[in-house]
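Asker: Here it is, the structure in full.
The values are calculated or read from the model by the stated rules, or taken from the named source; none is laboratory data. Everything quoted here is computed from the prediction, not taken from an experiment. Here the Cβ is made from the backbone with ideal geometry for all residues, glycine too, and neighbour counts use every protein chain on show.
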Amino acid sequence: MSTIRAGTTTTTALQTTGDTSGNIVLQPDSGVASISATGALTMPVGTTAQRPASPATGMIRQNSTTGVPEWYDSVSGSWVNFSDGPPYSVQYVVVAGGGGGGGTAGGGGAGGYRSSVTGESSGGGASAESPINVNSGVIYTVTVGAGGAGGGYPTVGTQGSDSAFSSIQSLGGGAGNHAGTVAAMNGGSGGGTGQASTPGSGTTGQGYAGATGNNTANYPGGGGGGAGAAGLVSPSNTQGGNGGIGVSSSINGSATYRAGGGGGGVRGGSDSSGGTGGGGAGSATTNGTNGTANTGGGGGSMGQTGAGVGGTGGSGVVILRYLGSQRGTGGTVTSSGGYTIHTFTSSGTYIA
């Protein structure tokens, strides 16, 4: 027989099965419930779809879909497995690999840029996203995209590769085009192009479009789009357009621009500039300049026909930070301003 005691009143009302010595004691006046039996407490059991519609902190249940018990955390607004630690908030900057520069025309577009740092911006003029909550002990995949290879005349460069952290994905930069009529590639930011063709588009919340070249002699190309601005149209028939500027972030404690577009090329004249944030310069003579590694900068376009190749886009980067002392592992770990920072310059895992 089990006993329920409320305050000073004792009532024998619950019958246990296979245990005649256990007591369940409820004390509503003190807010305490205790179990002195040597058996077990059975939690509510249900599928993921059967979770309470309006859960509250302190709720526990056995999830028959996952096969593990879980509890509700109102801070993160999520159900958490018992085997996982409490969730905590992580800010991020996720930059994809930049696109390669084209053959005598357009600069490569910058890799897509996504940020959740308060007071800063994502690419394409978007506001910062919401930080992501991670659960202690859980392993999260981190992917750092490579930059795309540059093209030689008359070929288009190669698209940059995507970067990702958990569910956050940034798209590789669009490649720059040659001076023909084929459109440049879309991407996180779009690739630039030459005369009589269409520049690549950027992706909402990640970057801007590339630009076109003047339809004049020497085939000047437009600059690749950057995370912070569109690529620039070539100013004359002796210079390609500059790459679009990137976006600045102080996530690692120092204001740094990333994801600038590559400059457009031209057949003789003056080199163009890559966008601030790792974009490679466009050439007027030979090879385009590579985008800077781990910035997602687009590669600059090559110059004189047949004399070189477009620059390779810069590889991407993933940077994470959270308040307080180190809790997770993965990447290069530093600290600044009360934050612990994890910087990934190559693919790996983050263990929260």
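Asker: So if I check each of A128, A179, A110, A96, which one is at pLDDT 95 or above and either over 30 Å from Y219 (Cβ atoms) or over 17 Å from the mean Cα position of the chain (by Cα) (or both)? Break it down into steps so the answer makes sense when it comes.
Answerer: Numbers: A179 fails: at pLDDT 95 or above; A110 fails: either over 30 Å from Y219 (Cβ atoms) or over 17 Å from the mean Cα position of the chain (by Cα) (or both); A96 fails: either over 30 Å from Y219 (Cβ atoms) or over 17 Å from the mean Cα position of the chain (by Cα) (or both).
The unique qualifying residue is A128.
Asker: Under 9 Å between Cβ atoms, which residue pairs at least 6 apart in sequence (or on different chains) link something in region 241-268 that is touching a residue at least 40 places away in the same chain (Cβ under 8 Å) and in the same structural domain as H178 (by TED's automatic domain parsing) with a partner that is of a type in the set (D, E, K, R) and assigned to a loop (DSSP other than H, G, I, E, B)?
Answerer: These pairs meet every condition: V247/E120; S248/E120; S249/E120; S250/E120; I251/E120; G263/D271; G265/D271.
Here is a yes/no grid of residues against (1) touching a Leu at 6+ places or on another chain (Cβ under 8 Å); (2) not small (G, A, S):
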residue: G176; (1), (2): no, no
residue: G192; (1), (2): no, no
residue: T198; (1), (2): no, yes
residue: T204; (1), (2): no, yes
residue: Y208; (1), (2): no, yes
residue: G213; (1), (2): no, no
residue: G222; (1), (2): yes, no
residue: G225; (1), (2): no, no
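Asker: Show the residue pairs meeting these rules: Cβ distance below 7 Å; 6+ apart or different chains; first residue within region 303-323 and free of Cβ contacts under 8 Å to residues at least 12 places away in the same chain; second residue hydroxyl-bearing (S, T, Y).
Answerer: Cβ pairs passing all conditions: none.
Asker: In region 282-314, which residues are of a type in the set (A, V, I, L, M, F, W, C) and more than 20 Å from T155 (Cβ to Cβ)?
Answerer: First, pick out the residues of region 282-314 that are of a type in the set (A, V, I, L, M, F, W, C): 284, 293, 302, 307, 309.
Once the filter is applied, which keeps residues that are of a type in the set (A, V, I, L, M, F, W, C) and more than 20 Å from T155 (Cβ to Cβ), region 282-314 yields only A293.
Asker: Now, a different point. Which of the residues belonging to region 160-170 are more than 15 Å from G313 (Cβ to Cβ) and in a loop (DSSP other than H, G, I, E, B)?
Answerer: S166, S167
Asker: Can you tell me how many residues in region 310-351 are surrounded by 18 or more Cβ atoms within 10 Å (Cβ to Cβ) and under 17 Å from the mean Cα position of the chain (by Cα)?
Answerer: The total comes to 16.
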